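Working notes, structure below.
A short reminder: the numbers here are calculations on the coordinates, not readings from a lab. Just so you know, these numbers come straight off a predicted model, no measurement behind them. All Cβ positions, glycine included, derive from the backbone under ideal geometry; neighbour counts span all protein chains shown.
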Amino acid sequence: MADTSTAPLRFGTRASTLAMTQARSVADALRRVGHDVELVEISTRGDQSTAPLASIGGTGVFVTALREALLDGRVDVAVHSLKDLPTAAADGLALAAVPHREDPRDVLCARDGLKLADLPSGARLGTGSPRREAQLRALGLGLDVVGVRGNVDTRLSKVSSGEVDGVVLARAGLARLGRLDEITEVLDPIQVLPAPGQGALAVECRAGDAGIADALRALDDPASRAGVTAERSLLAVLEAGCTAPVGAYAEAAEGESGLELYLRAVVASRDGAVSIRKSATGPIGRAEQLGRDLAQELLADGAGAVVDAAESAS
């Protein structure tokens, strides 16, 4: 067990600008309450390849190397984008904190300040996400959705160069990078639901490091944790990975009997021909069960076949 009273906490993070920014935000929060922190860059398979995520392993490609560094003692804490985490629990690790979640919605960054409805039929819209592709095609706008990979700068450069007319990104990443001015439209979840866990960070430590877990617990935001718990339990029941065409978004709001979660979800085919949407509301203390129950409703409407078809085509 690490001695948090003398040794700095070693935070493992991917080396991308966004990942480093996310890790620094968590590290700074701990420094403000008196902990010494240093960042340790870890290269992951997802960073080393420009191939589509599904072809290099899908779920976990940004996570495995960080978890290995945590388990073998090279780092004391790992900071992930929570949407990258597999839904299954990791042996020997604990999700110590889910800090306050950024706005999880998707956004459009398009040429000439255009919004989604302004793009002409046949306009090229870039995304590396099957979930986004499926929902964009389901809108029936006649857009040519093309695959793109790379960091935020790489994707935005494809717009400025004219390679694509626009790209769809997570608002949270642009907010953390101070680039909200690049957004031409924030997409309504009625049109495009975000990925389960999008906008949230996951802070992991070793399961036996009680001192570190206690230090990290101060960063945990209960409403954010409940929301992503509902979304990820839905994803787990669907047996779908982070690259599957599944969107989910749980919002906490005051209800008649206290704080409640309003959970919306979608499962759509890559071509947009099939789109199954459901929603449910329940007590925030039953977040996991809420996600499971809504997933069962989706499965009853044929979502399993849609997920299976998408994964077979990957």
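List of remarks:
- DSSP beta bridges confined to the stretch 106-186 are antiparallel in about 55 percent of cases.
- Tilt relative to the chain, helix 222-237 - C-alpha long axis, 0 to 90 degrees, to 10: 60
- Given [x] 0.99; [y] 1.24; [z] 0.93, the label whose value is Cα Rg over 2.2 N^0.38 Å derived from this model: [x]
- With q set to 0.24, 0.29, 0.32 Å⁻¹, the log10 of I(q)/I(0) for the stretch 204-252, from the Debye formula over equal scatterers at the Cα positions, is -0.88, -0.98, -1.08.
- Only Lys, Arg (+1) and Asp, Glu (-1) charged, at Cβ; the stretch 106-186 dipole about Cα centre in debye: 300
- Counting only lysines at least 8 places from residue 158 when in the same chain, those with an alpha carbon closer than 29 Å to its own are 83, 115.
- Compactness relative to 2.2 N^0.38 Å, alpha carbon Rg of the stretch 166-314: 1.13
- Proportion of all alpha-carbon pairs of the stretch 106-186 beyond 21 Å (%): 17
- Applied to the stretch 258-273, the Karplus parametrisation 6.51 cos²θ - 1.76 cosθ + 1.60 on θ = phi - 60° returns per-residue 3J(HN,Hα) values of x, 5, 10, 10, 10, 10, 10, 8, 9, 10, 9, 6, 4, 7, x, 6 Hz, with x for Gly and Pro.
- The aspartates and glutamates whose alpha-carbon is closer than 13 Å to the alpha-carbon of residue 278, local same-chain residues fewer than 8 away aside, are 231, 293, 297, 301.
- Relative to the longest principal axis of the Cα atoms of the chain, the long axis of helix 17-31 lies at roughly 40 degrees.
- Fraction of antiparallel bridges per DSSP, the chain only, in percent to nearest 5: 75
- Dipole in debye (nearest 20) - the chain, about Cα centre, beta carbon charges: Lys, Arg +1; Asp, Glu -1: 400
- For the stretch 228-313, the Cβ-based charge dipole about the Cα centre amounts to some 120 debye (Lys, Arg positive; Asp, Glu negative; other atoms uncharged).
- Leading residue at positive end of dipole, the chain (Cβ point charges), from 283, 197, 16: 16
- Close amide H partners of residue 75, meaning residues 5 or more places away or on another chain with modelled amide H under 5 Å apart, are 70.
- Cα-based convex hull volume of the stretch 228-313 per residue, rounded to whole Å³: 77
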